[in-house]
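K.L.:
Take a look at the following structure, please.
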Amino acid sequence: MKEVTQRIRNEISILDYLQEKGFHPIKEGHYYRLKEHSSFVYTPRKELWDWNSRGLRGSIIDLYMLL
């Protein structure tokens, strides 16, 4: 199972997934915010996102389950 989750994390871009869902990521320095939700922050270096206003964070897998 660990191999499958690692493969998903390596092969699915969080930015691409957000755009497919109709969101508009905006680059701000070393991270991205969503035009629609400024409290959503994606850090490409870590491949993790934080949705501060909702107290949520995680990887592409967590994001897929959320949206």
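The values are calculated or read from the model by the stated rules, or taken from the named source; none is laboratory data. Fair warning: this is a prediction, and the values are worked out from it, not measured in the lab. Backbone-built Cβ (ideal geometry, glycine too); neighbour counts: all protein chains shown. Ligands, DNA and RNA are stripped out before the accessible areas are found, and what is left, the full protein with its side chains, is counted by its heavy atoms. Shrake-Rupley method; radii C 1.70, N 1.55, O 1.52, S 1.80 Å.
K.L.:
Which of the residues that make up region 9-26 are outside any loop (DSSP other than H, G, I, E, B) and in contact with a helix residue (DSSP H, G or I) (Cβ under 7 Å, 6 or more places away or on another chain)?
P.N.:
In the first step, residues of region 9-26 are kept if they are outside any loop (DSSP other than H, G, I, E, B); the result is 9-11, 14-20, 25-26.
Passing the criteria: R9, I14, Y17, P25.
K.L.:
Name, by its number, the condition in (1) more than 12 Å from the chain's Cα centre (by Cα); (2) part of a loop (DSSP other than H, G, I, E, B); (3) exposed (fewer than 11 other Cβ atoms within 10 Å of the Cβ) that does not hold for Q6.
P.N.:
Failing condition for Q6: (2).
K.L.:
Tally up the residues in region 10-37 that are open to solvent by less than 80 Å² (accessible area, probe 1.4 Å) and in contact with a strand residue (DSSP E or B) (Cβ under 9 Å, 6 or more places away or on another chain), please.
P.N.:
Count: 12.
K.L.:
Ok, one more. Cβ-Cβ distance below 7 Å, separation of 6 or more or different chains: which pairs start in region 3-31 with a residue that is more than 12 Å from E47 (Cβ to Cβ) and modelled with pLDDT of 95 or more and end on one that is open to solvent by less than 100 Å² (accessible area, probe 1.4 Å) and aromatic (F, W, Y)?
P.N.:
Close Cβ pairs satisfying both conditions: P25/Y32; P25/Y42; I26/Y32.
K.L.:
List the pairs whose first member sits in region 39-65 and is free of Cβ contacts under 8 Å to residues at least 12 places away in the same chain and open to solvent by 40 Å² or more (accessible area, probe 1.4 Å), whose second member is part of a helix (DSSP H, G or I) and not small (G, A, S), and whose Cβ atoms are under 7 Å apart, counting only residues at least 6 apart or on separate chains?
P.N.:
Listed pairs, sorted by first residue: L56/L66.
K.L.:
Which members of region 26-46 meet the condition of being within 11 Å of the chain's Cα centre (by Cα), of a type outside the set (F, W, Y) and closer than 16 Å to L66 by Cβ? Break it down into steps so the answer makes sense when it comes.
P.N.:
So in region 26-46, the residues within 11 Å of the chain's Cα centre (by Cα) come out as 31-34, 40-44, 46.
Checking the rest, the ones that are also of a type outside the set (F, W, Y) come to 33-34, 41, 43-44, 46.
If the condition is that a residue be within 11 Å of the chain's Cα centre (by Cα), of a type outside the set (F, W, Y) and closer than 16 Å to L66 by Cβ, then L34, V41 are the ones that fit.
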